[in-house]
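These notes concern the structure reproduced below.
Coordinate-derived values only; no laboratory data. Quick caveat: nothing in here was measured; it's all calculated off a predicted structure. Don't worry about glycine lacking a Cβ; one is built from the backbone with ideal geometry, like all the others, and counts go over all protein chains shown.
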Amino acid sequence: MPADLGPVGSHYLDRLTEADLRLLTSVHPGASLTPDRVSALLSDEAVFDAVFAALRQHRPDRPFLLASPFLTFAVAVHRTANDLRGASYVPEWSGPRQRLPVFDGGVLAAFLAEPWHALFLAELLASYAHVASGSYWTRTRRGWRRHRWSELDPARLAGLLDVVPESERSGVFRRLGDLALFLTGVFPDHTALHGLRPLEVPRLLAAAGAARDAEVATSSVDLLSWLGARWYRRAASTALLPTPDTGWLAGIAEQFDDARRALTVVSDRYLFPHGNSWFATPWSAPEAG
């Protein structure tokens, strides 16, 4: 990642709540919460045990009882990174409720060993603990028409590109890329079984600035992965005032499949064994207002 983003530890500290900081210092009294120390704390086994204590105490309905979503997911991502060090293979999603061993554990280990990648995945997961929705109006030949949108519905989210000012289009592309990564990495089973409807595909292809024969995609997971990488590239290329953050989205696009696979490992190992009260899911999201 670009050096002008600064120390990765500073970005972690900026996102931790006061309660998060108290939890970390309670596990290691006297520990120095400095930028060069916080990453090591997130990888600490005692911190993992403390953050996930509520789940061990049979409170799966309140997964963020002790820690914020960001700290919870950061700890899960770091724990997965530790697990994959030296692993010869990783379980690979191959279809609904199917995982097959793929002997390239070093690839995902290397991806998660990059501190900025771990931060990116933790932020992504935390951003879906609470999602936004809403509505907008467009004028048609028959009068005004109301459209609903949700951060969990790719086709409706893409509809915002038709109405937002140019200065906000990069943000919509970014969120489309995030959603594609979230759906294919965290919920690949549901996405494969209940994913994109045929009528939605043309709008999503248009939002990616590309045409593609839908038959090339073997599943919604495949198609969304293909689209997600392109949405991240468009987020970077359409930013009117490029920042370090938008500047490295193109790099994430190049490793979209590694990010997706890493999210599946994190979810399978440390999130869904406790059930799913972590996220508002695509099939239980409230109607946009």
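Per-residue Cβ neighbour counts within 10 Å put W137, W93, W144 in the sequence W144, W137, W93, beginning with the fewest.
Against the main long axis of the alpha-carbon atoms of the chain, helix 220-238 sits at an angle near 90°.
Report the semi-axes of the equivalent ellipsoid for the range 134-264 in whole Å, largest first, where each axis is √(5λ) for an eigenvalue λ of the Cα gyration tensor.
Here the semi-axes work out to 23, 20, 12 Å.
Once the Cα atoms are used to define both axes, helix 256-266 deviates from the longest principal axis of the chain by about 50 degrees. Calculated FRET efficiency, T243 to H194, Cβ-Cβ distance, R0 = 25 Å: about 0.10 to the nearest 0.05.
FRET efficiency for the pair R203 and R99, taken as 1/(1 + (r/R0)^6) with r the Cβ-Cβ distance and R0 = 30 Å, rounds to 0.40.
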